[in-house]
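Trainee: Sharing a structure with you now.
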Amino acid sequence: MNHTLITHSILRWAVLVLGVWAVLSALFAVLSKREYKSSDNKINLFFMISCDIQLLIGLILYFTGMWFDKVKSGMGAVMKDPAERFFAVEHALMMIIAWLLVHVGRSMVKRADTDAQKHKRTLIYFGIALVIILAMIPWPFRQPGIARELFPTF
């Protein structure tokens, strides 16, 4: 198996753990009206960095693997096959959108005037990004051709 794909599959867990942590922290902070702490900033930063690394590895996989070649050879065939469409178009596009939401959200949090605004913006932007990420992971219960193992075997 491709070592880059294995790394990409393992790193998803860091992205998910950090994303859930950031979103739950923001949710509890909004509910309790807690101040925005340096720990909130750090978890948001770590979530963003994990997304950056994951995107970089994903782009390497996309452009050095078969998906980009399939897109170049004809979108019609790619769009007709659900598994090819998922990886060549849907997964890639939606994960880039999630990555953008994380970056825009982090920027919006930095620009917020109050602690409440910071927590709410974190919750909104990171929450939407996390939902997209969860929806676009090739979980084992997805249809054949898309489904991947929870933990890759070496």
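Just so you know, all these numbers are worked out from the coordinates, no wet-lab data involved. Bear in mind the structure is a predicted one, so any value in this text is a computation, not a measurement. Using ideal geometry, Cβ is built from the backbone for each residue, glycine included, and neighbour counts are taken over all protein chains shown.
Trainee: Among the aspartates and glutamates, which have Cα under 15 Å from the Cα of residue 70 when same-chain residues fewer than 8 positions away are ignored?
Mentor: By straight Cα distance, residue 70 reaches 81, 84, 90.
Trainee: Can I ask one more? For residue 72, list the lysines whose Cα falls under 18 Å from its own Cα; do not include residues on the same chain fewer than 8 positions away.
Mentor: 80
Trainee: What distance in nm separates the two pseudo spin-label positions at residue 94 and residue 5, each 7 Å out from Cα along the beta-carbon direction?
Mentor: Those two pseudo-labels are separated by 2.0 nm.
Trainee: Within a Cβ distance under 12 Å of residue 137, other residues only, what is the Lys/Arg minus Asp/Glu net charge?
Mentor: With Lys, Arg at +1 and Asp, Glu at -1, the neighbours total +1.
Trainee: Here's something else I'd like to know. Give me the aspartates and glutamates in straight-line cross-link reach of residue 42: C-alpha distance below 16 Å, same-chain residues under 8 apart excluded.
Mentor: 52, 115
Trainee: Another question, if that's okay. If you average over every viewing direction, what projected area does the convex hull of the Cα atoms of region 14-53 give, in nm²? Can you show the working numbers first?
Mentor: Numbers: hull surface 9.8 nm².
The orientation-averaged projected area of the Cα hull of region 14-53 comes to 2.4 nm².
Trainee: Quick check: net charge around residue 24, other residues with Cβ under 13 Å of its Cβ, Lys/Arg +1 and Asp/Glu -1? If you can, show how the numbers build up before the last one.
Mentor: Values: positive: 34; negative: 40.
Surrounding charge for residue 24 is 0.
Trainee: Restricting attention to the alpha-carbon atoms of region 3-136, what are Rg (one decimal) and Dmax (integer), both in Å?
Mentor: Every Cα atom of region 3-136 included, Rg and Dmax give 16.8, 54 Å.
Trainee: Tell me what the chain gives for mean residue ellipticity at 222 nm when only DSSP H runs of n ≥ 4 count, each as -39,500 (n - 2.57), the sum divided by the residue total, rounded to 500 deg cm²/dmol. Could the numbers behind the result be given before it?
Mentor: Details: 8 runs with 113 residues, N = 154.
Theoretical 222 nm ellipticity from helices: -23500 deg cm²/dmol.
Trainee: Another question, then. What angle do you read, to the nearest 10 degrees and between 0 and 90, between the alpha-carbon axis of helix 127-136 and the longest principal axis of the chain?
Mentor: Roughly 20 degrees between the two axes.
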